[in-house]
1. Taking the Cβ of Tyr42 as the center, what net charge do the other residues with Cβ under 15 Å away carry, scoring Lys and Arg +1 and Asp and Glu -1?
2. Multiplying the sequence separation of Asp116 and Lys128 by 0.36 nm and subtracting their Cα-Cα distance, what value in nm do you get?
3. With a sphere of radius 13 Å drawn around the Cβ of Gln88, what net charge do the other residues whose Cβ falls strictly inside it have (Lys, Arg +1; Asp, Glu -1)?
4. Which whole-Hz couplings ³J(HN,Hα) result when phi for each residue of segment 101-111 is put into the Karplus expression 6.51 cos²θ - 1.76 cosθ + 1.60, θ = phi - 60°, listed in order with x for Gly and Pro?
5. At 0.36 nm per residue, and after removing the present C-alpha to C-alpha distance, how many nm does the segment from Phe56 to Lys109 gain when stretched out fully?
6. Summing Lys, Arg as +1 and Asp, Glu as -1, what charge do residues with Cβ under 14 Å from the Cβ of Pro100 carry, Pro100 excluded?
Amino acid sequence: MNKNKITYGIIAIVIVIIAVGAIIFWPKGGASNSQNSDIILYYGNTCPHCKIVEDFISQNNIAQKVSFQNKEVYQDKNNALELAVKAQKCSIATDSIGVPFLWDGANSKCYVGEPDITQFFKDKAGIK
């Protein structure tokens, strides 16, 4: 009988460990926060052109139609460094990097500026 209790105890511990691991490593967030998204929108919190893109995304429910991440670069140095790496992949000179900036990782393409980014989202969301 003690052997059965030990076996059930070990099984219970393994189940708890698996459950905790799943909670920790399971992707979090909705469409706009998806950590697995290949699309990243870099923005600055006081950037007027970024605000235009933000308003477009909100008014057209883009976050419900297109999976992407938002990353602020003025206050977050890590996001700014990440943006520089993405820009380099598109052969954009360091002194020419600006926001809003969109990285389409699935196609390794960069989009810079409000017109190109809103058009990208229109195309992805099927908006005419």
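1. Around Tyr42, the surrounding residues sum to -2.
2. Once the chain is fully extended between Asp116 and Lys128, it gains 2.9 nm.
3. 0
4. 3J(HN,Hα) across segment 101-111, in whole Hz: 9, 10, 10, 9, x, 5, 10, 6, 10, 10, 10.
5. The Phe56-Lys109 span can extend by a further 17.0 nm.
6. Computed value for this residue: -3.
Values quoted throughout were computed directly from the atomic coordinates according to the rules given, and no laboratory measurement underlies them. This structure is a prediction, so every number in the text was calculated from the model and none was measured. Note that each Cβ is placed from the backbone with ideal geometry, even for glycine, and that neighbours are counted across all protein chains shown.
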